[in-house]
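The values are calculated or read from the model by the stated rules, or taken from the named source; none is laboratory data. Only a predicted model underlies this, so the values are computations on that prediction, with no experimental measurement involved. Backbone-built Cβ (ideal geometry, glycine too); neighbour counts: all protein chains shown. Just the protein is used for accessible areas: all its heavy atoms, side chains included, with ligands, DNA and RNA removed. Shrake-Rupley method; radii C 1.70, N 1.55, O 1.52, S 1.80 Å.
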Amino acid sequence: MENSFDIRMNEFARQALDAAKAAGISPAEATLSASESFSVRVRTQKLEDYKVSDRLHLVLRGVWQGKIGTASTQAMDEESLDMLIQGVKESAELIETDEQDAILPPDERYSAVCNYSEDVESISAEDKITLAMRIDARLAAKDARIKPDACVVASTSETFALLNTLGLDLSHRSNMIYAYASCLAKEGENAATGFRLLWGYSMEDVDALSVADGCAKDALDKLGAVRLSSGTRSVVIRNNAMADLLSTFCGVFSADNAQKGMSLLAGKEGESIASGCVTLVDDPLMPWGLGSCPFDREGAATMTKNLIENGTLKTLLHNRKTAKKAGVKTTGNAAGSGRVAPSNLYIRPGEASMDDLLAGMGDGLLITELSGLHAGANPISGDFSLLARGFEVIAGKCVRAVEQFTVAGNFYDLLRNVTAVGSDLLFEGSPIGSPSVAVAQLNIAGE
């Protein structure tokens, strides 16, 4: 059900299109996004931070004297309409290239997808504050070695609409709530931090006990961590760490990057680039997915597709411009401003539990955290050298926490060396997720 703000927003977009047509700008397109966010931070039972914000952004594009001009506004009033029209004309007059993104009619069919919950909208600010207080109190009472740091509860809601004078009329609403906690565990000279984030579409998805207890366990499990000796080891990369690694290198699957020489996957469609147990999926139609939407930022219908299928590269991600250059159809991954981006991107889970993965590895290393992902990773070559922590594994069992070691390798080689894929698919507050994966070997630099 549309609220009054959504109705006013769409009316303003239509007014902008009408004004553009009256001014001789045709065809024209209006892209409108509106978002609302709330967050509260609690520390030691005190309200430390409280934020409520909303944002509106409308972009008007249109053809003026054979060129496409663009202008934007964050206000919905008569004066803004006049400025938009003048801005489009002035922008078009400055264009010197004929290579522009066209304004096109709608596709024949769009799928339905839902990632909007009325339950989230009905949660009051008081309820969110109470939840943050409960997480903080639970952490403080959990263990004498635990000192709570920050407990945050937040929610977001977004409406995105895309309309043009060629019959395109699309809109999509999404929202979510999330809660996280961080803490410090200290025992003697040993100290470790903990973190736990949960998200979803109801208060039940962000249960206070689950957030607090998960945060405390994360910290306590790390106490007494030791240094590792250097060498080459078999590893299992836990789901959250593998998702972070995939997020860092997901740009290699962009056709735009490939066409600009910024991905080694250019021209590799149809070739084997990964282990046969690896299937990489981009699914914008995933129910309750954080990146779900039935259309992309160009108005193209989105679709579920395998980028890698049983180790073989099937397709890169395309918008209309990159698809035309490659002689293929768009995959519906336009992200605006000429960019290409994934929606809900994940490695398809297998059937192995974590216990199965560790037992299959025997002796090795469970990697639970990776840091320095931006400074220590080259998204073009695929090389990485990252600070990590985790657990040493002997005979399939975690025997001790380990820290302050560096894991080095290459993302493309890692994909080829995956030996098993877990069943524990996780999206940790991001539309890029992964299950845990076993990798034949990685270089470890420790003591």
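Here's the list of lysines a cross-link from Lys142 could span, going by alpha-carbon distance under 17 Å and ignoring same-chain residues fewer than 8 apart: Lys186, Lys217, Lys222. Of the accessible area of the chain, computed with a 1.4 Å probe over protein heavy atoms only, carbon and sulfur atoms account for 48 percent. Shown is the FRET efficiency for Ile95 and Asp413, computed with R0 = 51 Å from the Cβ-Cβ distance and rounded to the nearest 0.05: 0.75.
Quick one: check the C-alpha center-to-center distance for region 156-209 versus region 88-155, whole angstrom. Each part's Cα centre sits 6 Å from the other's.
Candidate cross-link partners of Lys268 among the lysines, defined by an alpha-carbon separation under 18 Å and a same-chain spacing of 8 or more, comprise Lys260, Lys305, Lys314, Lys324, Lys325, Lys329. Computed per residue of the chain from DSSP H runs no shorter than four, each worth -39500 (n - 2.57), the mean residue ellipticity at 222 nm is -7500 deg cm²/dmol. Show which lysines lie in cross-link reach of Lys51 when reach means a straight Cα distance below 18 angstrom and same-chain residues fewer than eight apart are skipped. Cα-Cα hits under 18 Å: Lys128.
The fraction of Cα-Cα pairs per 10 angstrom bin, counted from 0 for region 246-329, comes to 17, 49, 32, 2 percent, rounded to whole percents. A simple packing score, the average count of other Cβ atoms within 10 Å per residue, orders the peptides 234-245, 378-389, 210-221 as 234-245, 210-221, 378-389, with the highest score first. Based on protein heavy atoms only, region 252-409 ends up with 42 Å² per residue of surface accessible to a 1.4 Å probe. The separation of region 264-290 from region 347-367, counted between C-alpha centres, amounts to 21 Å. What shape does region 51-189 take by its C-alpha gyration tensor, where a ≥ b ≥ c are the square roots of the eigenvalues and a/c under 1.5 counts as rounded, a/b above b/c as prolate, and the rest as oblate? Verdict is prolate for region 51-189. Do you know the relative contact order of region 288-447, to the nearest whole percent, from alpha carbon pairs under 8 angstrom that are 6+ apart? Normalised by residue count, the contact order of region 288-447 is 20 percent. When only Cα pairs below 8 angstrom with a gap of at least 6 residues are kept, the chain shows a relative contact order of 15 percent. With a ≥ b ≥ c taken as the square roots of the eigenvalues of the C-alpha gyration tensor of region 207-278, please select rounded if a/c is under 1.5 and otherwise prolate if a/b is larger than b/c or oblate if it is not? Prolate is the answer for region 207-278, as a/c is 1.5 or above and a/b outweighs b/c. When you filter the GluC sites (Glu not before Pro) in region 127-226 for DSSP loop state and at most 16 other Cβ atoms inside 10 Å of their Cβ, you are left with Glu189. For trypsin sites (Lys or Arg not before Pro), the sites in region 1-109 that DSSP calls loop and that have at most 12 other Cβ atoms within 10 Å are Arg109.
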